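S.K.: Structure provided below as structure tokens; questions to follow.
The values are calculated or read from the model by the stated rules, or taken from the named source; none is laboratory data. On a predicted model such as this, the values are computed, not experimentally measured, just so you know. When we count neighbours, we look across all protein chains shown, and the Cβ atoms used for this are built from the backbone with ideal geometry, even at glycine. Remember, those area values only see protein heavy atoms, side chains included, never the ligands or the DNA or RNA. Shrake-Rupley method; radii C 1.70, N 1.55, O 1.52, S 1.80 Å.
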Amino acid sequence: MNKNDQISATEEFVKQNMKGYDSGHDWWHIERVRKLALFINEKEDLVDPFIVEIAALLHDTVDSKFAEGNSGPGYSLISDFMDEIEMSEIRDHVLNVIKNISFSNRKKSGNHSDPLLWVVQDADRLDAIGAIGIARAFNYGGFRNNPIYIPSEESGNTGKSTIGHFYDKLLKLKEMMNTATGRTIAEERHKILENFLEQFYKEWDFGTGVRNSG
Ligand code: ADP
Ligand code: NI
């Protein structure tokens, strides 16, 4: 099977396996991560773009479907698929990325000093900040029926409201970038988060003067 056919087959596999997923992990997230990862990789000149594309396409296939802990069957599904379309050679490399990419699920034992992981992880994290990141966060919060903001929530130990999620995770991502290109894009998107929060509090406190002075 040639590379174009392998990419098409992988797109099809991912779409089939993502049907019915939450919209924060929909096909368009995969498309954005693919584009970002390829861009970062080209700028940094790190790995073969083919494997970047395959890893980006597959990076959420297990996470979304088997989110409740037992990821084993998900990994075998991907592993079998990759063997089937003659990608056994890159199989373990891609699986290592999938297993270690997530903010919450990363395996301590995994190989973290892998340029392939760096670019796909940066791309995935960039899609969680900026305007898209804000949209995804409020979409997720709505899906979970979380409040948008709890004024009494201490920043640093939040986790209930969507604004709290900004402090728990989103505002930390800029410092967690692996590549210089990722960091540059993250700077811009991080500012969007900060501007958004500033305006959010301004509107929230409208008329009370609590934060308006600052
Ligand atoms: P990943 O798998 O990339 O680590 P998650 O599955 O945790 O990311 O999150 C997917 C999307 O949902 C991201 O945009 C993330 O910011 C958002 N999200 C996750 N948890 C929350 C939360 N508690 N409140 C708001 N948004 C969230
Ligand atoms: Ni993702």
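S.K.: Contour minus end-to-end for Glu42 and Ile90, with contour as 0.36 nm per residue of separation and end-to-end as the Cα-Cα distance? Walk me through the numbers on the way to the answer.
M.R.: Values: separation 48, 0.36 × 48 = 17.28 nm, distance 1.94 nm.
Separation in residues times 0.36 nm, less the Cα-Cα distance, equals 15.3 nm.
S.K.: While we're on this one: Which one of Trp118, Val62, His190 is farthest out on the positive end of the charge dipole of the chain, using unit charges on Cβ (Lys, Arg +1; Asp, Glu -1) and the Cα centre as origin?
M.R.: Looking along the dipole axis, the top candidate is His190.
S.K.: While we're on this one: Quick one: how many Å² of Phe39 are accessible to a 1.4 Å probe, rounded to 10?
M.R.: 90
S.K.: Please give the solvent-accessible surface of Ile98 in Å², to the nearest 10, using a probe radius of 1.4 Å with every protein chain present.
M.R.: Rounded to the nearest 10, that gives 10 Å².
S.K.: Can you tell me the equivalent ellipsoid semi-axes for the chain? Use √(5λ) from the Cα gyration tensor, largest first, whole Å. It would help to have the intermediate numbers written out before the result.
M.R.: On the way: eigenvalues 237, 68, 42 Å².
Computed over the chain, the values are 34, 19, 14 Å.
S.K.: Another one. As an exercise, identify the trypsin sites (Lys or Arg not before Pro) in segment 120-154 lying in DSSP coil whose Cβ has no more than 14 other Cβ atoms within 10 Å.
M.R.: Taking segment 120-154 and a limit of 14 other Cβ atoms within 10 Å, the loop trypsin sites (Lys or Arg not before Pro) found are Arg144.
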